[in-house]
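The values are calculated or read from the model by the stated rules, or taken from the named source; none is laboratory data. Values in this document were obtained by computation on a predicted structure and should not be read as measured data. All Cβ positions, glycine included, derive from the backbone under ideal geometry; neighbour counts span all protein chains shown.
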């Protein structure tokens, strides 16, 4: 089994940077909820619901509104789960690891 030489590994480290997950600012729950309404189709349906309501088509307006709310809730809870999973994954990520390079075992730590 062959691997990178230490020289090659240092070259790749310099070229590509360290192999770490980038830190991002967390999205608040409100942002996740508001993101559910930025799709062009959702915006069109919101306007369609408002127009239907103004024309006296209350049942149709409520039907469209109900579907929009259900869609937003499903997207919101999926977004929250994804955000929380990403946070747990970052905690799970180890800060040190072992590497065997050309039969020389070394321990590398993340800074």
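Residue pairs, Cβ under 6 Å, 6 or more apart or interchain, first in segment 1-27 and more than 20 Å from residue 89 (Cβ to Cβ), second modelled with pLDDT of 70 or more and outside any loop (DSSP other than H, G, I, E, B). List them. Listed pairs, sorted by first residue: none to list. Inside segment 27-62, residues that are within 23 Å of the chain's Cα centre (by Cα), exposed (fewer than 10 other Cβ atoms within 10 Å of the Cβ) and assigned to a loop (DSSP other than H, G, I, E, B) make up a count of 1.
Criterion applied to 102, 88, 83, 110 was being within 26 Å of the chain's Cα centre (by Cα) and modelled with pLDDT under 65, and the one residue passing it is 110. Of all residues in segment 68-86, none that is at positive phi has its Cβ atom under 6 Å from the Cβ atom of a residue that is assigned to a helix (DSSP H, G or I) and surrounded by fewer than 12 Cβ atoms within 10 Å (Cβ to Cβ), 6 or more apart or on another chain.
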